[in-house]
Amino acid sequence: MDRQTLLNALSGTLDPNQQTRKQCEEQLKTYEQQQGFTSYLLDLLVESDATASVGVKVAAAIFFKNRVVNYWVVPENKQQTAFHLLQGEKSAIKEKLITTLFETYKNHQIRLQLSTALNTILSHDKWDGLTEIISKLLGDESNIDHVYTGLLCLYQYTKNYRWDGFELETFVNPVLEEVTQKLFPQLENLANKLIASDGTTADEMLYLIIKIFKFTTYSSLPSYLHDPNHLGQWCQIHILIIDKPLPKDLLDEDHVETRNNNARIKTIKWCFANMNRLLNRHGGGYLTRSKQNNQFAQVFITNFVPEILNAYWKIIERWSTKTVWLSEISLYHMISFLEQVIETPAWSLIHEKLDAIARHVVLPTLVATPETVELYEDDADEYIRRFFDVNREQSTSDVATINFIYRLSNKKFKETIGLLCQLVNEIFTDRVNNRGSVESAMKAEGGLRILSTISYKLDSKFSPVAGQVDSLLHTFVYPELLQEQSSKTPWLTARACDTIAMFHNHQYTDTQVLQDIFQGVVACFSNDGQFPIQLTAADALSTLVNEDLVAQHVADQAPQLMGILLEKSKQYESDILTNVMDTFVEKFASNLEPYAVELGKKLSEQFIKIASEILESNGGADEDKEIQACGILNTLTTLVISMSNAPNVALQLESVLKDLIKFIFENAMVVFLTEVIEILESLLFVRSEVSPTIWEIFQVAIESFETYAYEYFDSFQPFFETIINKGFTKPDVTMNNPNVQSLIQVCFNVLKDEETDPVFVHLAFEDIELTILALNQRFVSFLPQFLPEIFDIFTRLESQDAFDGHMLHHLSILKILFGCLYIDPVTTIQFVTSKGFVIDFYKLWIKHSSDFQSVYGCKLQILASMSIINNDNAVGLIPEDLAGETVDLLLANIATLPNAIKAKNAIMINETSQKMQQKDTTDANGNDNEDEFADLDDEYDIDEAELEAMKETPIDKINAFEFFVQNFLAIQQQQNKNEVLFGGLDASKKEMIEELVKVTQSTR
């Protein structure tokens, strides 16, 4: 290749003229196909020839990185091309890359490209000998370039292998075990020397060392660090870096973002983060495995946490007196460390300092500041996102402090509530006495945030303010709602409204207090000039409407209020508004019923507008817009469900929502799939039938499988199940129906794809099983074509050991065969016999019958087994001993069914009983056990048995006992057959049958 032509082509990629850039890129594609070209790019980077400018070298580095990222390995299912790197050139690149890196690392852009390339190589290849190379580089302390390069390589190496060993039972990372044993002693010596040095290079190298420690301890803790001496050295290194005074020029930097991006500040951040993660993952914190028997965790809590806390107390003292500056994220990790200690044996160390923590950490991080007030005044939208948007995860000091307070109130309520209430009382008393003081108002912001966080506990019997919450709110919070205050400190009024909103579970006992607060909130909601106040007032209203008195006032105004909220949601992106609308729709369904269709139309139009904006952003995710759009969909779901007593309104809503639903499917907006499927389920639940509109939507959903939808088959499953249960069960729907054929085809495509997720295979089997039962006799004509196809799929999966009992179970195929036996036992048994599968089928049935003991499971097995023995031709096709097994399976499921029904009924009321348990948190000794239930979610996780119990199926309306008795009595008329099948039963089984016949006949 001609060197100058290559330089010109690389230079041309930087040309502002698009045509020139395109020509040069095409020229480079020709070079790319020449072996040795990628390796030569590294040579170009280290050439001292002035003909290669810095810009050209950066372009070469970028091109080199792209070559490695795109062509180092040949992707699965792809053919190797001339673009791909061969083994010989890969070896040459590895030989040159480290040398090139230490000669060019001072150029940040080139360093970034080469580091990314190194990371890519490490992610694909085991680079033998790299640790030796790194060790030599780190050991050459006379050459700073070598040491810096060694750190860069080790950074990428540990980053790449941080998850190794995670899946092993021993939880040992073999790669990082070697790294720590061989290289950490060098890093410790180097770190201590760098701490004693000043300058940007030293700061950058310390940053790399601390990040290397992060990656090395990310998932598992190497045995090297189990040694208290080694771990002690590393903890000391972290504390020394934190304690090292910041240079004056950095402190003089006014722009916070610039300061935060400084290497020293980022290193300090990761020092705090490492200590927090060390406690969290390994030292006895929330994510530590086997805390009780974890020897390292016990040592860390006993010996290391006290020392770290002693260092933190000194840091907090200096920070509170403003003699040291910490970034928001550093404070976040430091406070999070304190929070984690609360639930460890080291809690006493926090408890004894709690008053100081409350006054010098908690309050300073929650109060308003001139900067937050300025943000309120200059950018209200950003202020709302920063301080009121619960869906935005933020690593800031106030977020960590709120978590700390919540953990205290949740786990150490009786020990800490007095101190917290005392602090809040001092703040609010000062506010009452100094209404004109801005400083007092700023502190009151912190007081309100503390009050909001502990609000859920203030009515409990161990609360110092139990029975006085109404008075507390009226004295300290209500005055901030008044116009006199909102005109002076609008940010504090917004916080006061938010505080009222947080008292979700409080029941007002003083009617006058409730009326005053309600009127104050209504006045705030009417404040068009201050959107943060209006927004938080809306949130407060959604809490207050739980009070009957307020609900009566609001009910008649609900349509107008919804109109206002809807208009506001068009102007501002806030999930608070959509949550409030959701609450109003649920609470005032009857009042909104006459306006439901119009409301649905407006919400639908607004969603399509927002969704269109998301699409126009060309894939650039807009989290705020997505959250707002999801909120609108959730409100529409609530609106549909609330119309359960007005099916005609729901029918109109189908037409209104059709365009919205089709828009999501047709534009592959998968981020909204869960919500839109929920809307469809709700429509079908309320209407209990599939309308032409829903059938039209179903076809659009099916068409989406021509492009993207197979990857999201599980998301569509609830909709498909409901379509089968409510649509395919109708007598006029046959196998010739395009809707049936299209769904069956989708299911078969899922089953035949060898790359399909086992969960998707299970779901496809399930849809076919339900379709067989829904169509019943209308499916029979399809059996001769269907059975061979489904059996071939089963045989392939069986040969691959796909039925592992976890992701995929033999019951998946058994249930399909049960359904086939129920609708046509003769054809099914003939086919199974022709495949020589009868014996194996019965073995599987006998083995797994007890795994399928839900109401649905028992009923399906009863229908299948009774259909076999009741059909003379069918029972004649199986050996006599298997006929006996069929009877045994039949009677076993008959005997189990009553218990299954009881279990299902218990599960259906389980949520109610759990909620009752949450309310009754006092034990026999009168102790408050609220802590035990505080983390219990209403939306608790439900297991497989519960899902099975709540599942709707096409055979739900069949009375299995009556089905059995009716067919048994028919068999009884055939003496010989009856004797063969039931003559040899023991007395207990005969008695069960007699009792069942007697009970069934008496209830007819």
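The values are calculated or read from the model by the stated rules, or taken from the named source; none is laboratory data. Source: prediction; values computed, not measured. Reconstructed Cβ throughout: ideal geometry from the backbone, glycine too, with neighbour counts over all protein chains shown. We work out accessible area using only protein heavy atoms, side chains counted, and drop any ligands, DNA or RNA first. Shrake-Rupley method; radii C 1.70, N 1.55, O 1.52, S 1.80 Å.
Residues that are touching a Lys or Arg at 6+ places or on another chain (Cβ under 8 Å) number at least 3 in the following helices (runs of 4 or more DSSP H) confined to the range 7-76: 37-46. Within the range 801-820, residues that are within 17 Å of Ser850 (Cβ to Cβ) and at pLDDT 95 or above have Cβ atoms under 7 Å from residues that are open to solvent by less than 30 Å² (accessible area, probe 1.4 Å) and small (Gly, Ala, Ser) in these pairs: Phe818/Ala864, counting only partners at least 6 apart in sequence or on another chain. Criterion first (open to solvent by 10 Å² or more (accessible area, probe 1.4 Å), among the small types (Gly, Ala, Ser) and in a loop (DSSP other than H, G, I, E, B)) does Ser715 satisfy it? In short, no.
Yes/no per residue for (1) touching an Asp or Glu at 6+ places or on another chain (Cβ under 7 Å); (2) crowded, with 19+ Cβ neighbours inside 10 Å; (3) closer than 25 Å to Ser834 by Cα:
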{"position": "Thr722", "(1), (2), (3)": "yes, yes, no"}
{"position": "Gly727", "(1), (2), (3)": "no, yes, no"}
{"position": "Asp757", "(1), (2), (3)": "no, no, no"}
{"position": "Val761", "(1), (2), (3)": "no, yes, no"}
{"position": "Glu769", "(1), (2), (3)": "no, yes, yes"}
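Screening the range 952-961 for residues that are part of a loop (DSSP other than H, G, I, E, B) and open to solvent by 40 Å² or more (accessible area, probe 1.4 Å) and picking the one that is nearest to Tyr856 (Cα to Cα) gives Asp956. Residues in the range 694-714 that are among the hydroxyl-bearing types (Ser, Thr, Tyr), touching a residue at least 40 places away in the same chain (Cβ under 8 Å) and farther than 17 Å from Ile744 by Cα: Tyr708 only.
When we screen Pro174, Pro185 for residues that are touching a helix residue (DSSP H, G or I) at 6+ places or on another chain (Cβ under 9 Å) and surrounded by fewer than 21 Cβ atoms within 10 Å (Cβ to Cβ), the only hit is Pro185.
Apart from one condition, Ala496 fits all of (1) buried (at least 22 other Cβ atoms within 10 Å of the Cβ); (2) in contact with a Phe, Trp or Tyr (Cβ under 7 Å, 6 or more places away or on another chain); the exception is (2). Sub-7 Å Cβ pairs linking a first residue in the range 512-530 that is more than 22 Å from Val373 (Cα to Cα) and in a helix (DSSP H, G or I) to a second residue that is open to solvent by 40 Å² or more (accessible area, probe 1.4 Å) and of a type in the set (A, V, I, L, M, F, W, C), at least 6 apart or interchain, are Leu514/Leu549; Gly520/Leu482, ordered by first then second residue.
From the list Ser542, Ser569, Ser642, which residue is crowded, with 18+ Cβ neighbours inside 10 Å and in contact (Cβ under 8 Å) with a residue 60 or more places away in the chain?
On the way: Ser542 fails: in contact (Cβ under 8 Å) with a residue 60 or more places away in the chain; Ser642 fails: in contact (Cβ under 8 Å) with a residue 60 or more places away in the chain.
None of the others qualify; the one that does is Ser569.
Selection of the range 370-401 for residues being β-branched (Val, Ile, Thr) and within 16 Å of Trp319 (Cα to Cα) yields Thr396, Thr401.
Output yes when any residue across the range 31-42 is of a type in the set (A, V, I, L, M, F, W, C), surrounded by 18 or more Cβ atoms within 10 Å (Cβ to Cβ) and within 26 Å of Leu137 (Cα to Cα), and no when none is. Within the range 31-42, one or more residues are of a type in the set (A, V, I, L, M, F, W, C), surrounded by 18 or more Cβ atoms within 10 Å (Cβ to Cβ) and within 26 Å of Leu137 (Cα to Cα). Of everything in the range 550-566 that is in a helix (DSSP H, G or I) and open to solvent by 90 Å² or more (accessible area, probe 1.4 Å), the residue that is nearest to Tyr595 (Cα to Cα) is Gln560.
A residue that is surrounded by fewer than 23 Cβ atoms within 10 Å (Cβ to Cβ) and assigned to a loop (DSSP other than H, G, I, E, B) can be found somewhere in the range 608-618. For the range 962-1004, the set of residues classified as in a helix (DSSP H, G or I) and open to solvent by less than 30 Å² (accessible area, probe 1.4 Å) consists of Phe964, Val965, Asn967, Phe968, Ile971, Lys977, Leu981, Phe982, Ile993, Leu996, Val997, Thr1000, listed by residue number.
Summed over the range 257-301, residues that are among the hydroxyl-bearing types (Ser, Thr, Tyr) and assigned to a helix (DSSP H, G or I) total 2.
Scanning the range 64-86 for residues that are under 12 Å from Ser39 (Cβ atoms) and open to solvent by 60 Å² or more (accessible area, probe 1.4 Å) turns up just one, Leu86. The residues on offer are Gly884, Gly983, and the sole one that is modelled with pLDDT under 90 and small (Gly, Ala, Ser) is Gly983.
Inspection of the range 875-887 identifies no residue that is surrounded by 21 or more Cβ atoms within 10 Å (Cβ to Cβ), acidic (Asp, Glu) and either within 19 Å of Leu770 (Cβ to Cβ) or touching a residue at least 12 places away in the same chain (Cβ under 8 Å) (or both).
Residues are listed down the side, and each one gets a yes or a no for (1) touching a Lys or Arg at 6+ places or on another chain (Cβ under 7 Å); (2) open to solvent by 10 Å² or more (accessible area, probe 1.4 Å); (3) within 18 Å of Thr489 (Cβ to Cβ):
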{"position": "Ile405", "(1), (2), (3)": "no, no, no"}
{"position": "Leu408", "(1), (2), (3)": "no, no, no"}
{"position": "Glu415", "(1), (2), (3)": "no, yes, no"}
{"position": "Leu419", "(1), (2), (3)": "no, yes, no"}
{"position": "Arg435", "(1), (2), (3)": "no, yes, yes"}
{"position": "Glu439", "(1), (2), (3)": "no, yes, yes"}
{"position": "Ala444", "(1), (2), (3)": "yes, no, yes"}
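Of all residues in the range 736-743, at least one satisfies being within 24 Å of Gly857 (Cβ to Cβ) and assigned by the TED database to the domain that holds Glu789. For the range 841-852, enumerate the residues that are touching a helix residue (DSSP H, G or I) at 6+ places or on another chain (Cβ under 7 Å) and open to solvent by 60 Å² or more (accessible area, probe 1.4 Å). Hits for the range 841-852 are Ile846, Asp851. Under the condition of being among the β-branched types (Val, Ile, Thr) and free of Cβ contacts under 8 Å to residues at least 24 places away in the same chain, the residues counted in the range 7-28 number 1.
The residue of the range 128-137 that is farthest from Trp163 (Cα to Cα), among those that are open to solvent by 20 Å² or more (accessible area, probe 1.4 Å) and not aliphatic (A, V, I, L, M), is Lys136. For the range 633-675, the set of residues classified as of a type in the set (S, T, N, Q) and either within 20 Å of Asn591 (Cβ to Cβ) or under 27 Å from the mean Cα position of the chain (by Cα) (or both) consists of Asn634, Thr635, Thr637, Thr638, Ser642, Ser644, Asn645, Asn648, Gln652, Asn667, Thr674, listed by residue number. Restricting attention to the range 475-487, does a residue exist that is of a type in the set (Gly, Ala, Ser), under 28 Å from Glu623 (Cβ atoms) and free of Cβ contacts under 8 Å to residues at least 24 places away in the same chain? No - not one qualifying residue is present in the range 475-487.
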